[in-house]
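This report concerns only the one structure given below.
None of the figures in this text is laboratory data; all of them are computed from the coordinates on show. The structure displayed is predicted, hence computed values, not measured ones. Here Cβ is always computed from backbone atoms with ideal geometry, including for glycine, and neighbour counts include all displayed protein chains.
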Amino acid sequence: MQLITAIVKPFKLDDVKDALKAAGIQGITVSEVRGFGRQGGHTETYRGAEYKIDFVPKVRLEIVVDNSEVDRVVEAIKAAATTGKIGDGKIWVTNVERIVRIRTGEEGSDAI
Amino acid sequence: MNYQIDSGATAWVLVSTALVLFMTPGLAFFYGGMVRSKNVLGMLMQNIFAMGLITILWVAVGFSLAFGGTNGWFGNLDFAFLKHINTVGELPGYTGAFALVIPPILFVAYQMMFAVITPALITGATADRLKFSAYAILIGVWAILVYPTVAHWVFSPNGWLFKKGALDFAGGAVVHINAGAAALAVILILKPRKGWPREAMPPHNLPFTVMGTGILWFGWFGFNAGSALAANGLAAQAVVNTHVAAAAAMLSWLLVEKLKAGHATTLGAVSGAVAGLVAITPCAGFVSASSAMLIGLLAGAVCYLCLTLKSRFGFDDSLDVIAVHLVGGLLGSLLLGVFSDVSINSLGADGLFNGGGASLLGKQALASIVVFAFSFVVTYVVALIINKTIGLRVSPEQELVGLDQSQHAETAYQA
């Protein structure tokens, strides 16, 4: 099993969610994060003083999938989250050692 | 009672009392929205607490020290705990042309709300680093030594500045110059916030600030027009002047901001409005509407341009109390010497542009300087003593964690 972590632009969340549902994914976890990559921040002005805000708001999605699903899901996210402009985000895949469904105690692929 | 109670006036001043009180929580949110979220309760608490402490002190000794007796320099304790207030013939000095048409106890209540909000203004300058216990002691002492003295000199018809002919309709000197000077004195001892000026500390909740401004603007009708102490044309003139000055100042601030910083901002709009309201405070019942407009236009522009004073001189006036209240109050008090018009208020005087020459302007300058100097010096000494004893400032760890947690064991937003 693999954990797919995706950082995307906040307004793209709905598109990505719809694409994941269409791909048959039944569960995702979403969190609001801040970060920067090469996009850099922006400036805000308060009472004449300029502030360089380094961090940009993003949304992080975490999805656990079977090994066989990884490539398909990554492509789905990438297609839905892309705008072509800087700051679109990143997707990375890590290994999941063990997964448990709390309610039933099922493990492994049955728990996804 | 030696005089007739006017029910219209009484009703209006009753309402104004509530309006002015409402300005203190309004100020709390105006400032609260501008600080970082870890300090929002600290800011709100300081403002709300003033409603508690200053009220008690005002009833106990403050009112009497401000309005008791006939001495030009000091009040007395004739009215301590408001004794005699319901049987006194007339309040000292409020006789003849200055006779009140409202019950004396209402005058006490109305003036109390001014006494409450004035020290609360200081919290904007000292934001994010003032220890709560030190703040409580500071404003408590200030409410006995400074505010009633200045109110006595300027507001009371027996006060020496009043007798000299200095004018202050609703508190340009008594409230704004007074609080501004005090704020400057405290922050010179308090020193800047950790991280200032390099670290970005943007407002955490500008919607609060906008809401607070709405409440302040609304309440200011009570602050300025209520000061007519009558329900008449003068009060109505003050309403118009107040509103027009706020509007004009908002526009001029936005214009200058757009030209200098590139954007017209929400914070700029509300700050401009407040600057106009501050500047018109001494003038509200003495000038024409067109003069009020000019005063507002100038206040918006001048106060904006004064924002950079703090970085130029290296003092951390967190929320620009000096640029808005001190400068705005000074500007308004001096412009009163220019625009004052006896045809608006026969108890006033003609200013420079209305045929009065520089006489009134000179008196306004005198009052402004005297109030500034007195408030600055006394507050500086009091703050110094507090600093040497219990310390004014929170510890660096407490400042990092934030006032909410360190001073009050609370978190504003349970995320």
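By how many degrees, 0 to 90 and rounded to 10, does the Cα axis of helix B:206-220 deviate from the longest principal axis of chain B?
Helix B:206-220 sits at roughly 10 degrees to that axis.
If you take the square roots of the eigenvalues of the alpha-carbon gyration tensor of region A:2-111 and sort them as a ≥ b ≥ c, do you get rounded (a/c under 1.5), prolate (a/b over b/c) or oblate? If you can, show how the numbers build up before the last one.
On the way: a/c = 2.81, a/b = 2.13, b/c = 1.32.
In terms of gyration-tensor shape, prolate.
Given DSSP loops and a limit of at most 15 other Cβ atoms within 10 Å, what is the longest stretch of chain B that contains no such GluC sites (Glu not before Pro)? Display every interim value, and only then the final one.
On the way: sites that count: B:90, B:199, B:410.
Between exposed loop sites, the widest span is B:200-409.
Lysines near residue B:131 by alpha-carbon distance under 24 Å, same-chain residues fewer than 8 away left out - which ones?
Correct list for residue B:131: B:38, B:191, B:194, B:310, B:388.
Between the alpha-carbon centers of region B:164-204 and region B:348-372, tell me the distance in whole angstrom.
Region B:164-204 and region B:348-372 have Cα centres separated by 24 Å.
In region A:29-109, which GluC sites (Glu not before Pro) are in a loop and have at most 10 other Cβ atoms within 10 Å, using DSSP for the loop call?
Answer in residue order: A:97.
If r is the Cβ-Cβ distance from residue A:104 to residue B:37 and R0 is 35 Å, what FRET efficiency results, to the nearest 0.05? Don't skip to the answer; put the middle values down first.
Details: r = 40 Å, r/R0 = 1.16.
Once rounded, the FRET efficiency stands at 0.30.
Once you put a point 7 Å from the Cα of residue B:366 and another 7 Å from the Cα of residue B:82, both along the Cβ direction, what distance in nm separates them?
About 3.6 nm separates the two model spin labels.
Using Cα pairs under 8 angstrom and six or more residues apart, how large is the relative contact order of region B:7-408, in percent? Each step should come with its number before you reach the end.
Numbers: 852 pairs, mean separation 92.4, N = 402.
Dividing the mean separation by the residue count of region B:7-408 yields 23 percent.
Where in region B:157-201 is the amide nitrogen less than 19 Å from a point lying 7 Å along the Cα-to-Cβ axis of residue B:397?
Taking a point 7 Å out along Cα→Cβ of residue B:397, the residues of region B:157-201 whose backbone N falls under 19 Å are B:194-195.
Once you've got the GNM for chain B with C-alpha springs shorter than 10 Å, pick whichever of B:155, B:67, B:81 has the biggest mean-square fluctuation.
Among B:155, B:67, B:81, the largest mean-square fluctuation in the Gaussian network model of chain B belongs to B:81.
Apply 1/(1 + (r/R0)^6) to the Cβ-Cβ distance of residue B:347 and residue B:191, taking R0 = 56 Å, and write down the FRET efficiency to the nearest 0.05. Can you show the working numbers first?
Details: r = 44 Å, r/R0 = 0.79.
Using R0 = 56 Å, I get an efficiency of 0.80.
Sort region B:7-408 into rounded, prolate or oblate with this rule: let a ≥ b ≥ c be the square roots of the eigenvalues of the Cα gyration tensor; rounded if a/c is under 1.5, and if a/c is not under 1.5, prolate when a/b is larger than b/c, oblate otherwise. Provide the component values of the computation, followed by the final result.
Working: a/c = 1.70, a/b = 1.24, b/c = 1.37.
Oblate.
Treating cross-link reach as a plain straight distance, find the aspartates and glutamates whose alpha-carbon is under 19 Å from the alpha-carbon of residue A:9, omitting any fewer than eight places away in the same chain.
A:18, A:32, A:54, A:62, A:75, A:88
Between A:16, A:65, A:105, whose Cα lies farthest towards the positive end of the dipole of region A:2-111 when Lys and Arg beta carbons carry +1 and Asp and Glu beta carbons carry -1, centred on the Cα centre?
A:16
Give me the distance between the Cα centres of region B:250-327 and region B:68-111, rounded to whole Å.
With region B:250-327 and region B:68-111 each reduced to a Cα centre, they are spaced 35 Å.
Return the single residue from B:290, B:340, B:311 with maximal mean-square fluctuation; model: Gaussian network over chain B, springs between Cα atoms under 10 Å.
Result for chain B, Cα springs under 10 Å: B:311 fluctuates most.
Taking chain B as a Gaussian network, where each spring joins two C-alpha atoms under 10 Å apart, which residue of B:29, B:313, B:162 fluctuates the most?
Evaluated over chain B, the most mobile residue of the options is B:313.
Where in region A:1-104 are there chymotrypsin sites (Phe, Trp or Tyr not before Pro) that are in a DSSP coil and have at most 15 other Cβ atoms within 10 angstrom of their Cβ? The partial results should precede the final answer.
Working: sites: A:11, A:36, A:46, A:51, A:55, A:92; in loops: A:36, A:55.
Answer by residue number: A:36, A:55.
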